[in-house]
Amino acid sequence: MPQTEFQITTRGPGLYEFTRDVTRWVAALGAEAEQGLLTLFVRHTSCSLLIQENADPEVQSDLQAFFHRLVPPTSDPSMSYLTHTYEGPDDMPAHIKAAMMPVSLTIPVSGGAPALGTWQGIYLFEHRNAPHSRRVTAHFSA
């Protein structure tokens, strides 16, 4: 059962698409990956994985704005009840966002490619302010 790891470099909060990388990897598996299931798992507790629209970048910025409004930094008075603050005002809110969103995805593979819809892309959703190098493990099973 083939596995690989994708490294995704982030520059702060936002959605980082890596659909092409995943599609290339599945295609490189050849006939073995004609049909099956692809599992992606992010190995961090302050970011998430999403399948989301990749046609209009406003979708991504609106999602980011929504989650920032839903879970603001600990410097916001509404978040004064949080106690895990020593890693910065964005850290605990990042953990909360990651707890609300998926950290793994299961995607059917058909015809040697992820069976995504026309406007669907695979994203890492970074919740921290600082740049990070994120690792996503991919596993294919036929």
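We did not get these values from a lab; they are worked out from the coordinates using the rules stated. Just so we're clear, the structure is a prediction, and the values are computed from it rather than from any experiment. We place every Cβ from the backbone using ideal geometry, glycine too, and count neighbours over all the protein chains shown.
Helix 19-28 and the long axis of the chain differ in direction by around 30°, with both axes built from C-alpha atoms. Basic side chains Lys and Arg get +1 at the Cβ, acidic Asp and Glu get -1 at the Cβ, and with that the dipole of the chain about its Cα centre reaches some 240 debye. Counting only alpha carbon atoms, the long axis of helix 91-100 and the longest principal axis of the chain meet at about 50°.
Exposure proxy shown here: for 90, 62, the number of other Cβ atoms within 10 Å sets the order, fewest to most, as 62, 90. When only alpha carbons are used to place a centre, region 4-46 and region 83-142 end up 10 Å from one another.
Which value at 222 nm does the chain reach when only helices count, each DSSP H run of 4 or more adding -39,500 (n - 2.57), with the total divided by all residues and rounded to the nearest 500 deg cm²/dmol? Write out the running numbers ahead of the final one.
Values: 3 runs with 34 residues, N = 142.
It lands at -7500 deg cm²/dmol.
Exposure proxy shown here: for 69, 135, the number of other Cβ atoms within 10 Å sets the order, fewest to most, as 69, 135. Note that region 78-85 has calculated 3J(HN,Hα) couplings of 5, 9, 5, 6, 6, 10, 7, 10 Hz, one per residue in order, obtained from phi through the Karplus relation 6.51 cos²θ - 1.76 cosθ + 1.60 (θ = phi - 60°); glycine and proline are x.
Pairs of Cα atoms in the chain fall into 5 Å distance bins, from 0 up to the last occupied one, in shares of 2, 10, 19, 20, 17, 13, 9, 5, 3, 1, 0, 0 percent.
Compared with the dominant principal axis of the Cα atoms in the chain, helix 57-70 is inclined by about 40°.
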